[in-house]
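Peer 1: Starting off with a structure, shown below.
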Amino acid sequence: MSQENTHIEEQQLSKGLQNRHVQLIAIGGTIGTGLFMGAGNSIHFAGPGILAVYAIIGAMMFIMMRAMGEMLYQDPSQPTFIAYMTKYLGNRVGFFARWSYWLTMIFFGMAELTAIGKYVQFWFPSMPEWLIQIIFLVALTGVNLIAVALFGEMEFWFSMIKVIAILALIVTGLMMAFGHFQTPVGTVSFGNVFNHFSLVPNGWGNFINSFQMVMFAFVGMEFIGMTVAETKDPRKILPKAINQIPFRVLFFYLGALFVIMTIYPWKQIPAHQSPFVMVFELVGLKGAAAIINFVVLTAAASSFNSILFSTSRNFYSLAKESRAKFLQPFTKLSSRGLPAKALLFSSLISVSSAVISSIPAINDAFVFVTSAATDLFLMIYIMILWAYWEYRKSSSYMPNGFLLKAPKFFVPLAVIFFVFVYVTLFFNDSSVVPAIGATVWLVVFGIVSYFQPKKAVSEE
């Protein structure tokens, strides 16, 4: 298949996303269930120093996103950012990245389906978890099959719910602080953050370990690289979506965590309870737990919806870059300009989560695999930066494009940081085994990838 033909076919992907869709999806992509359910644990672990951890990781992710954004701006026709790895690093690295990212997202989708089942059981405890998962799977697959615009509309409102919940927390907390609201643990005050402030209250070991906890709250931010390709004016929308990342991190993560520690002295925040539930219960909101459960349900559904979108585009791209005959049917687009067969295949694989969740022995293994898949994201981010480095040296480099400033400083800095986070995984009891699993995958599948052809089908 010639490169020209490949380009023409990829241009046929539906361009149904609007600017408002992408902007809200970009915001929603930085807000996961980890903030709503895991903020108490991260604060308990690192104290007010968690603000610095979120800020540092947010900055490193912004560097990675700007690097990816520069390549997307130069060639927005690619259906997925993984395609740039094949283009600038060769088919062997691209093969590793394509399969690794697709499998990683499949495992994440299965994990989100499992979470959806548990959240729905909050209201319907007798309803089988596997049935809940299948209902949501069918519904969200249908949304993705109808049109890109419908996917964008649903993601718009999913993201809006998360944004409203955080805005409500911040506004409520500020009103309580300025009104000197009394809680069972004292007065709501900004002094609760700054009094006895310590960057490392639980020691440097816990502070460093908190990086891997927080790092995975940002996983999925790269999804904006999928949605921009399916807009009508990607070069106009892309810079806005990426340049607003620092403000979103500052407001939605640092703002929410700061307000939580303003309401509760950080030493008294329980590790395994959602601070969002605590705050809304303090102001007398009945059913606060049910409301936050609804928010995290929509967050999980939003994540799975995005994963279906992502895996279908990745599998479509994977099939186009492959010589395998059994993958060729997945290179076809539907009459709506959607990779329908790739979507249905990814959806079919996700059905296995309904089986896994009902078998405890397999479920334990599934937790391990999902954790190891999470670690693979660090490898993907490093490969994005590597591809960007090669892009800057290639003939495709666009000197008047959406440029990352001072790449010779920031790109190595971000790579060193991601390597640092990966190394820390081996010094934490809860992450060392998945880290070993991810490393085994890197070595074994790296060897398999080495024996792939040097050139992809689209390069011939």
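Peer 1: Looking at the stretch 398-413, I want the residues that are farther than 19 Å from Ile57 by Cβ and have a partner that is hydroxyl-bearing (Ser, Thr, Tyr) and in a helix (DSSP H, G or I) with Cβ atoms under 8 Å, at least 6 apart or on another chain. Which pairs are those?
Peer 2: Cβ pairs passing all conditions: Met398/Tyr73; Gly401/Tyr73; Phe402/Tyr73; Pro407/Tyr388.
Peer 1: While we're on this one: Taking the condition of being of a type in the set (Phe, Trp, Tyr), outside any loop (DSSP other than H, G, I, E, B) and modelled with pLDDT of 80 or more, how many residues in the stretch 218-256 meet it? I'd like the intermediate steps shown before the answer.
Peer 2: Of the stretch 218-256, the ones of a type in the set (Phe, Trp, Tyr) are 218, 223, 247, 251-253.
After this cut, where a residue has to be outside any loop (DSSP other than H, G, I, E, B) as well, the list is 223, 247, 251-253.
If we keep only those that are modelled with pLDDT of 80 or more as well, we get 247, 251-253.
Residues flagged as of a type in the set (Phe, Trp, Tyr), outside any loop (DSSP other than H, G, I, E, B) and modelled with pLDDT of 80 or more within the stretch 218-256 amount to 4.
Peer 1: Oh, and also: When the residues of the stretch 184-214 are filtered to those that are within 29 Å of the chain's Cα centre (by Cα) and of a type in the set (Phe, Trp, Tyr), which remaining residue is nearest to Gly58 (Cα to Cα)?
Peer 2: Applying the filter and picking the extreme gives Phe211.
Peer 1: For the stretch 184-217, give me each residue that is farther than 16 Å from Ala46 by Cβ, assigned to a loop (DSSP other than H, G, I, E, B) and touching a helix residue (DSSP H, G or I) at 6+ places or on another chain (Cβ under 9 Å).
Peer 2: Listed by number, the residues that qualify are Pro184, Val185, Val188, Ser189, Phe190.
Peer 1: With the condition kept exactly as written, say whether any residue in the stretch 223-243 is surrounded by 17 or more Cβ atoms within 10 Å (Cβ to Cβ), among the basic types (Lys, Arg) and either touching a residue at least 24 places away in the same chain (Cβ under 8 Å) or out of contact with any helix residue (DSSP H, G or I) (no Cβ under 9 Å at 6 or more places or on another chain) (or both).
Peer 2: No, the stretch 223-243 contains no residue that is surrounded by 17 or more Cβ atoms within 10 Å (Cβ to Cβ), among the basic types (Lys, Arg) and either touching a residue at least 24 places away in the same chain (Cβ under 8 Å) or out of contact with any helix residue (DSSP H, G or I) (no Cβ under 9 Å at 6 or more places or on another chain) (or both).
Peer 1: If you don't mind, there's one more thing I want to ask. Considering Ala387, Ala438, which residue is under 15 Å from Glu70 (Cα atoms) and in a helix (DSSP H, G or I)? Before the answer, list the steps.
Peer 2: Numbers: Ala438 fails: under 15 Å from Glu70 (Cα atoms).
Only one candidate qualifies: Ala387.
Peer 1: Tell me, which helices (runs of 4 or more DSSP H) lie completely within the stretch 77-157 with 2 or more residues that are surrounded by 21 or more Cβ atoms within 10 Å (Cβ to Cβ), hydroxyl-bearing (Ser, Thr, Tyr) and at negative phi? Show your work before the answer.
Peer 2: Values: elements: 83-89, 91-120, 129-146.
Answer list for the stretch 77-157: 83-89, 91-120.
Peer 1: Quick check on the stretch 158-178. Is at least one of its residues in contact with a Leu (Cβ under 7 Å, 6 or more places away or on another chain), under 30 Å from Ile263 (Cα atoms) and in a helix (DSSP H, G or I)? Steps first, answer last, please.
Peer 2: Step one: list which residues in the stretch 158-178 are in contact with a Leu (Cβ under 7 Å, 6 or more places away or on another chain), which gives 159-160.
Of the ones still in play, those that are also under 30 Å from Ile263 (Cα atoms) are 159-160.
Okay, now just the ones that are also in a helix (DSSP H, G or I), so 159-160.
Taking every residue of the stretch 158-178 in turn, at least one turns out to be in contact with a Leu (Cβ under 7 Å, 6 or more places away or on another chain), under 30 Å from Ile263 (Cα atoms) and in a helix (DSSP H, G or I).
The values are calculated or read from the model by the stated rules, or taken from the named source; none is laboratory data. Please read all numbers here as calculations on a predicted model, not as lab measurements. Glycine gets a Cβ as well: all are built from the backbone with ideal geometry, and neighbour counts include every protein chain shown.
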